[in-house]
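Taken together, the values in this text are just the output of simple stated rules run on the coordinates, not laboratory data. Quick caveat: nothing in here was measured; it's all calculated off a predicted structure. Cβ atoms come from the backbone with ideal geometry, glycine included; neighbour counts cover every protein chain shown.
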């Protein structure tokens, strides 16, 4: 599994790096390609362009250094549903970055 966060912070990865990794992984069919980030930023452009095995939606702000919380459900559900559907329609598996709360886990299935 190679997680690739889109380049909100170019110190870690640049836009061209995502393209290069996607091309490289075509030679490694057993490696999973996972693009992760906030779907309300530029993440879905990369999902459409590269059709990774998985996309992980993370609720980070653009200026956030690292992930410190998961999605809040059901509050974020209406915003996430169309994005989840969009990725699934492309044949991409969707994972949500969540806090370990039983009620939140039950809400994910909905």
### Task
For helix 15-25, report the angle its Cα long axis makes with the longest principal axis of the Cα atoms of the chain; keep it between 0 and 90° and round to the nearest 10°.
80
## Note on the structure
Expected max-MSF residue from 35, 13, 84 in the GNM of the chain (alpha carbon, under 10 Å) is 13
### Message
Just to be sure I understand: of the beta bridges DSSP finds with both ends in the chain, what percent are antiparallel, rounded to 5?
### Response
0
### Message
Can you tell me, using C-alpha contacts under 8 Å and at least 6 residues apart, the relative contact order of the chain as a whole percent?
### Response
24
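Over the chain, what lengths in whole Å, largest first, do the semi-axes of the equivalent ellipsoid take, defined as the square roots of 5 times the eigenvalues of the alpha-carbon gyration tensor?
Largest first, the chain gives 24, 16, 12 Å.
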### Task
Could you line up 62, 36, 86 from fewest to most neighbouring Cβ atoms inside 10 Å?
62, 86, 36
### Helix-only mean residue ellipticity at 222 nm for the chain, each DSSP H run of n ≥ 4 adding -39500 (n - 2.57), per residue, nearest 500
-10500 deg cm²/dmol
### Message
What FRET efficiency comes out for residue 41 versus residue 108 if R0 is 25 angstrom and r is the Cβ-Cβ distance? Round to the nearest 0.05.
### Response
0.75
### Message
With a 10 Å cut-off between alpha carbons and a GNM built on the chain, which of 29, 52, 39 moves the most?
### Response
29
